[in-house]
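The values are calculated or read from the model by the stated rules, or taken from the named source; none is laboratory data. Since the model is a prediction, treat every value here as computed from it, not as a measurement. Cβ: placed from backbone, ideal geometry, glycine included. Neighbour counts: every protein chain shown. Just so you know, the surface numbers come from the protein's heavy atoms only, side chains and all, with ligands and any DNA or RNA stripped out. Shrake-Rupley method; radii C 1.70, N 1.55, O 1.52, S 1.80 Å.
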Amino acid sequence: TKAISMSGSDIFNYNEIFNNSIGMYKSGGSVVTLGNVSFNNFSSNNINIDWGSAGGALGGSFLYAENNWWGVTDCVNISKNVSGLIDISPYLNNSMGQGGVSRDCPSFYCGVIVDYSVNLTAAQQANLTDCPRDGVKLYNETTNITFDCQGRSISGNTKNIGSGILAYGLNDGI
């Protein structure tokens, strides 16, 4: 089952979303701009949030999903269970009812959204190998992005429909 459909610039806070195939999804064809999903508890969903891959326009669809409890406490496993342009950091280290505290993800982790130019260092690249879903999501709304891997590899897991680098953009500057 799919639990919650969002469209427009919806705000969705202080809820329990659990035991669904997809906990929350963007309704097909809608262009959602700067949606906000915060202070919710997601648990026991196959996919916590599907923000575009299940049949919706991706352009301009960015979701702020900060300060949520995702059922796990590391950014790689959180990003493994979301799809699309979803900002998950900071996240809660426990459920709302158990006194969850806000924690930041590291600067680079599997599934990170990059919206600026970067020359990838060896330490950053080490966090982006054999990702359970997507390695890096490049997002370009207004400016060009240069993403230089410095000869290093970024890999997603194709068994889980992953990409090393997945690019989203509203113009051709990626």
**Prompt:** If the Cβ limit is 8 Å and pairs must be 6+ apart or interchain, which residue in the stretch 109-128 that is over 20 Å from I88 (Cα atoms) and open to solvent by 40 Å² or more (accessible area, probe 1.4 Å) pairs with which residue that is outside any strand (DSSP E or B) and of a type in the set (D, E, K, R)?
**Reply:** A122/R152
**Asked** Considering the stretch 86-116 alone, what residues qualify as being over 20 Å from D130 (Cα atoms), polar (S, T, N, Q) and assigned to a loop (DSSP other than H, G, I, E, B)?
**Response** S89, N93, N94, S95
**Tally, over the stretch 53-75, of residues that are modelled with pLDDT under 90, in a loop (DSSP other than H, G, I, E, B), open to solvent by 10 Å² or more (accessible area, probe 1.4 Å) and in contact with a Leu (Cβ under 9 Å, 6 or more places away or on another chain)** = 4
**Members of the stretch 13-30 that are part of a strand (DSSP E or B), open to solvent by less than 50 Å² (accessible area, probe 1.4 Å) and at pLDDT 85 or above** = I17, I22, G23, M24
**Request:** Spot the failing condition for S83; the list is (1) buried (at least 21 other Cβ atoms within 10 Å of the Cβ); (2) part of a loop (DSSP other than H, G, I, E, B), and only one is missed.
**Result:** (2)
**Asked** Do we find that I88 is open to solvent by less than 40 Å² (accessible area, probe 1.4 Å) and out of contact with any Ser or Thr (no Cβ under 8 Å at 6 or more places or on another chain) in this structure?
**Response** no
